[in-house]
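The block underneath contains the structure these notes are about, expressed in structure tokens.
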Amino acid sequence: MAKTVNMCVRVDPELKAQAEIILEQLGMNMNGTINMFLTQIVREKRVPLNLSLNNDKDVLPDIYISKQERESGIEGIDARRLLEEMKKIVSDAEAKENDSSSKVAG
């Protein structure tokens, strides 16, 4: 496993508790979610947030759908496993791209 570092973040306790409830319903935890968020920032070279005063894209319906799917036997994916799979997909794509580049150059 890669070397890790501890981070200390000040967060409103009620906000944290509410987020943990939602993450738990999604089969995720705070640590994995923060790691996914940071990975996405690095990969996309931007902050992956849609800041808007319009609340048309409320996530609550998606949370209810996820809950219903879990209750009907559909299993989600652990955030750590998802992150590992995303890294593998990116790595495979980069290797394929490098292979194609070397064949064209050669």
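Just so it is clear, none of the values below were taken in a lab; they were calculated from the coordinates. None of the values given here were measured: they were computed from a predicted structure. Don't worry about glycine lacking a Cβ; one is built from the backbone with ideal geometry, like all the others, and counts go over all protein chains shown.
Each residue of segment 25-33 was assigned a 3J(HN,Hα) from its phi angle through the Karplus curve 6.51 cos²θ - 1.76 cosθ + 1.60 (θ = phi - 60°); the sequence is 5, 8, x, 10, 10, 4, 4, x, 5 Hz, with glycine and proline shown as x.
Label positions at Asp62 and Lys87, each projected 7 Å from the Cα along the C-beta direction, are separated by 2.4 nm. Please label the shape of the chain as rounded, prolate or oblate, based on the square roots a ≥ b ≥ c of the eigenvalues of the alpha-carbon gyration tensor (a/c under 1.5 means rounded; beyond that, a/b larger than b/c means prolate, else oblate). Taking the square roots of the gyration eigenvalues as a ≥ b ≥ c, the chain is prolate. With a cut-off of 16 Å on the backbone N, the residues of segment 66-92 near the modelled label site 7 Å out from Asn29 along Cα-Cβ are 77-84.
For Glu94 and Asn50, the FRET efficiency from 1/(1 + (r/R0)^6), where r spans their Cβ atoms and R0 equals 25 Å, is about 0.35. Across the cross-link table entries Lys3/Lys103; Lys3/Lys67; Lys45/Lys103, which are compared at the Cα atoms, the separations over 31 Å belong to Lys3/Lys103; Lys3/Lys67.
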